[in-house]
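Step one of this worksheet: look at the structure below.
The values are calculated or read from the model by the stated rules, or taken from the named source; none is laboratory data. All figures in this text were calculated on a predicted structure; none of them were measured in a lab. Note that we place each Cβ from the backbone using ideal geometry, even for glycine, and neighbour counts take in every protein chain shown. With ligands, DNA and RNA removed, areas are computed over all heavy atoms of the protein, side chains included. Shrake-Rupley method; radii C 1.70, N 1.55, O 1.52, S 1.80 Å.
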Amino acid sequence: MGARALEGKTALVTGGSRGIGRAIAQRLARDGAAVAVAYARNEAAAEEVVERIRKDGGRAFALRAELGRHGDAARLWAAFDAHAGEYAPGGAVDIIVNNAGIGRSPDLSSLTEDDFDEVFAVNVRAPFFIVQQGLKRLRDGGRIINISSGAARIALPEIMAYGSTKGALDTFTLNLAKELGPRGITANSVAPGIIDTDVNAGWLRGNPQAEAQAAALSALGRIGRTEDVADIVAFLASDDARWVTGQVIDATGGSGL
Ligand SMILES: NC(=O)c1ccc[n+]([C@@H]2O[C@H](COP(=O)([O-])OP(=O)(O)OC[C@H]3O[C@@H](n4cnc5c(N)ncnc54)[C@H](OP(=O)(O)O)[C@@H]3O)[C@@H](O)[C@H]2O)c1
């Protein structure tokens with residue numbers, strides 16, 4: 001892949017301010033894309049990512065768009081238009097990365113209807129309507145990349161509502177690939193295993209026993225890094241992946257084989 005595989009492209013990364021999304025935003029910018037770094041509340045983290053990208057010679061801007069409430073997709077695209085300026089002439093976009101997600105859910109016995117609605121609203125409904133309302137802007141030949149989870153493939157009953165959202169997201173991906181193929185747009189999911197991000201900090205970081213157990217889940221014997229996922233997303237976003245669509249790319253380091 002060329003060093004500037006995404007020169008001239010514009011990308012939107014939801015949840016681009018921290019964790020996996022941050023690594024994706026930085027990697028796509030390094031490959032030449034102008035990147036919209038969408039976040040929910042933590043403006044400082046988003047501005048830090050934008051600043052880092054700019055310092056490294058890339059192009060990026062931040063936009064606040066909290067997902068999970070009706071009207072969220074419309075508000076996101078309105079914020080995109082308000083901030084994009086020269087980064088997205090005509091409001092057009094080439095790459096949509098649906099990364100923002102709620103990473104946990106209570107087990108079946110304690111799950112409430114509100115918990116269920118919340119995790120589905122952020123992890124499934126928001127990507128649906130971001131894509132629906134983004135289709136007019138998404139250029140032919142564009143890319144949709146949904147960040148799924150190994151939890152859609154591996155039974156983890158303690159977080160089954162979360163896993164179910166990612167199963168739904170993968171089915172969405174599959175249908176998008178069929179629907180948008182005639183426009184040369186590809187749609188793929190990337191399914192990480194355990195990655196060292198804030199969502200796992202409480203039980204993972206600084207706990208050698210938990211770290212060893214998490215590492216042992218992967219055939220490769222370590223915990224995933226955000227860059228492990230970002231590099232796959234960069235491939236899918238590039239022209240090298242033009243013949244890959246409707247797939248779930250496993251990014252678990254061979255967990256649950
Ligand atoms: N970490 C893992 O082990 C793992 C494994 C498999 C799949 N995944 C998936 O990977 C994706 C990213 O996970 P992560 O661990 O990188 O997350 P993270 O470290 O918790 O990062 C969260 C990012 O998403 C944004 N965000 C959170 N809730 C949001 C909402 N309601 N609306 C809009 N933005 C929101 C945050 O913005 P603020 O900073 O403003 O809050 C932040 O930019 C998720 O879809 C997750 O399910 C993660």
**Request:** With the Cα gyration tensor of segment 123-257 in hand, convert its eigenvalues to equivalent ellipsoid semi-axes via √(5λ) and list them largest first in whole Å.
**Result:** 29, 16, 13
**Options 148, 182, 168, ranked by Cα towards positive dipole end of the chain, top entry (Cβ charges)** = 182
**Complete:** In debye to the nearest 20, the charge dipole size for the chain, taken about the Cα centre with +1 at each Lys and Arg Cβ and -1 at each Asp and Glu Cβ, equals 620
**Scattering profile of segment 181-224 at q = 0.19 Å⁻¹ [log10 I(q)/I(0), Debye over alpha-carbon scatterers]** = -0.60
**Asked** Net charge near residue 31, counting Lys/Arg +1 and Asp/Glu -1 over other residues with Cβ under 10 Å of its Cβ?
**Response** +3
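Explain nothing, just the number: relative contact order of segment 10-251, from Cα pairs under 8 Å at least 6 residues apart, as a whole percent.
On the way: 463 pairs, mean separation 47.1, N = 242.
That works out to 19 percent.
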**Prompt:** Can you give the extra length, in nm with one decimal, that the chain gains between residue 154 and residue 52 once fully stretched, where that is 0.36 nm per residue apart less the Cα-Cα distance?
**Reply:** 33.1 nm
**Fill in**
In degrees rounded to 10, the 0-90 angle between helix 43-55 Cα long axis and the longest Cα principal axis of the chain is 60
**Message:** On a straight-distance basis, which lysines could pair with residue 178 in a cross-link, Cα separation under 24 angstrom, same-chain partners fewer than 8 positions away excluded?
**Reply:** 9, 136, 166
**Prompt:** Across bins of 5 angstrom width beginning at 0, how are the C-alpha pair distances of the chain distributed, in whole percent?
**Reply:** 1, 6, 14, 18, 21, 18, 12, 6, 3, 1, 0
**Item:** Helix axis angle, 72-84 relative to the chain longest principal axis, alpha carbon, degrees
**Value:** 50
**Item:** Simple label model, 7 Å out from Cα along Cβ direction - residue 132 to residue 220, nm
**Value:** 3.7
**Asked** Once every DSSP H run of n ≥ 4 in the chain is given -39500 (n - 2.57) and the sum is divided by its residues, what mean residue ellipticity at 222 nm do you get, rounded to the nearest 500 deg cm²/dmol?
**Response** -12500 deg cm²/dmol
**Asked** How much accessible area per residue does segment 10-251 have, in Å², with a 1.4 Å probe?
**Response** 47
**Prompt:** Which loop trypsin sites (Lys or Arg not before Pro) in segment 35-64, with loop taken from DSSP, have no more than 13 other Cβ atoms within 10 angstrom of their Cβ?
**Reply:** 41
**Pairwise label distance in nanometres, residue 171 with residue 70, each label 7 Å out on the Cα-Cβ vector** = 2.3
**Asked** Which angle between 0 and 90 degrees, to the nearest 10, do you get for helix 208-217 versus the longest principal axis of the chain when only C-alpha atoms count?
**Response** 70
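Taking 0.36 nm per residue of sequence separation and subtracting the Cα-Cα distance, how much length would be gained by fully extending the chain between residue 239 and residue 201, in nm to one decimal?
10.2 nm is the gain from fully extending residue 239 to residue 201.
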**Item:** R0 of 25 Å, Cβ-Cβ distance residue 113-residue 43: FRET efficiency to nearest 0.05
**Value:** 0.20
